[in-house]
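Working notes for the structure below.
The values are calculated or read from the model by the stated rules, or taken from the named source; none is laboratory data. Because the structure is predicted, anything quoted here is derived from the model rather than measured. When we count neighbours, we look across all protein chains shown, and the Cβ atoms used for this are built from the backbone with ideal geometry, even at glycine. We work out accessible area using only protein heavy atoms, side chains counted, and drop any ligands, DNA or RNA first. Shrake-Rupley method; radii C 1.70, N 1.55, O 1.52, S 1.80 Å.
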Amino acid sequence: MAHPLHSPILDWYAEHNRDLPWRRPEATPWGILVSEIMLQQTPVVRVLPIWEEWMTRWPTPEALAKEPPGEAVRNWGRLGYPRRALRLHACAKAITESWHGEVPSTYDDLRTLPGIGDYTAAAVASFAYGKSHAVLDTNVRRVLARTIRGEEYPPKATTTPEKRLAESLIPPIGAPRWAVAVMELGALVCTARSPRCADCPVSSRCAWLLAGKPAHDGPERKGQTYAGTDRQCRGRLLAVLRDAPGPVEKALLDAVWADAVQRERALDGLLADGLAELVDDDLYALPG
DNA sequence: GAGGCGTGGAC
DNA sequence: TGTCCAAGCCT
């Protein structure tokens with residue numbers, strides 16, 4: 001069923017899409033899966049160099065599965081949310097051991113892999129295997145909230161109506177291209193702050209624009225503080241382990257965070273998450 | 001389902 | 001040295 005948004009957005013995408021390596025025809029399902037995990041909550045420009053390094057070093061799931069998980073964490077660099085590196089390593093092992101080294105091709109099978117939730121399973125099934133799914137990421141949710149619902153931002157958590165709306169918009173042919181086109185529009189034009197409505201292919205049909213761009217109405221959108229948090233402390237500690245060639249004395253960890261109580265709590269968290277290991281008395285390392 | 005989980009660029 | 005936020009997932 002053709003929808004009035006289809007042609008303008010698909011035509012816009014044909015003209016304005018970015019040439020990203022994981023979108024090229026030669027990209028493998030593994031490369032696409034790696035890109036999707038790396039792109040979670042992370043800007044494209046920061047992912048690009050790390051993705052290239054990973055693909056050169058670990059072009060297949062088997063190649064990564066042979067490495068200790070700490071190597072995945074080390075080569076994650078400063079992408080953020082390093083548990084993703086651990087989960088990607090676990091994905092590589094599961095794919096190697098349970099899927100004969102082939103990235104599974106269905107949504108349900110992808111969902112069984114660690115770190116792959118609703119969005120990523122739909123994205124990999126669509127972009128790597130051409131399947132038809134509602135690919136509902138933050139960009140798509142924002143575009144639909146504005147164009148269809150006439151609101152500045154979508155709800156905090158994905159709702160059933162949003163899911164049904166996205167499903168109703170899937171074209172019978174070319175679902176993956178439609179998905180990536182809407183995402184790209186959200187990423188480049190219909191951005192969270194300062195949307196470029198003058199450059200938007202559906203500005204004449206956008207319910208939010210037509211309503212005069214009313215400001216977000218509802219509960220405050222949580223702004224996360226970072227300085228002084230356990231998250232920052234974990235990041236400092238892990239950076240020490242990542243940047244050292246081998247195990248490090250605890251004194252080196254103690255040196256990067258003054259508050260001992262918080263520091264111990266953060267270190268315990270890293271150990272519990274499997275991002276760090278105690279290899280000897282007062283000697284810590286990335287997981288081997 | 002609310003909260004935890006990194007990092008750095010743009011304002 | 002503040003706020004927002006960038007292709008989410010897990011508990």
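Observations on the model:
- Scanning region A:117-132 for residues that are in a helix (DSSP H, G or I), under 17 Å from A:V182 (Cβ atoms), of a type in the set (S, T, Y) and open to solvent by 10 Å² or more (accessible area, probe 1.4 Å) yields one hit, A:Y119.
- Of the residues making up region A:86-108, those that are open to solvent by 50 Å² or more (accessible area, probe 1.4 Å) and outside any loop (DSSP other than H, G, I, E, B) number 6.
- Residues within region A:58-85 that are assigned to a loop (DSSP other than H, G, I, E, B) and either surrounded by fewer than 19 Cβ atoms within 10 Å (Cβ to Cβ) or β-branched (V, I, T) (or both), tallied: 10
- Criterion applied to A:V143, A:V124 was being among the hydrophobic types (A, V, I, L, M, F, W, C), farther than 25 Å from A:L270 by Cα and assigned by TED's automatic domain parsing to the domain that holds A:K66, and the one residue passing it is A:V124.
- Taken together, the residues in region A:155-173 that are part of a helix (DSSP H, G or I) and more than 22 Å from the chain's Cα centre (by Cα) amount to 5.
- Count of residues meeting criterion [hydrophobic (A, V, I, L, M, F, W, C) and either modelled with pLDDT under 95 or open to solvent by 80 Å² or more (accessible area, probe 1.4 Å) (or both)] in region A:139-173: 2
- Sole residue being within 12 Å of DNA strand B (Cβ to nearest atom) and out of contact with any Ser or Thr (no Cβ under 8 Å at 6 or more places or on another chain), chosen from A:R23, A:R78: A:R78
- Residue in region A:19-42 that is free of Cβ contacts under 8 Å to residues at least 12 places away in the same chain, among the hydroxyl-bearing types (S, T, Y) and under 30 Å from A:R236 (Cβ atoms) present: no
- Applying the criterion of at least 2 residues that are away from DNA strand B (no atom under 13 Å from the Cβ) and surrounded by 13 or more Cβ atoms within 10 Å (Cβ to Cβ) to the helices (runs of 4 or more DSSP H) found wholly in region A:174-279 leaves A:175-188, A:207-210, A:250-254.
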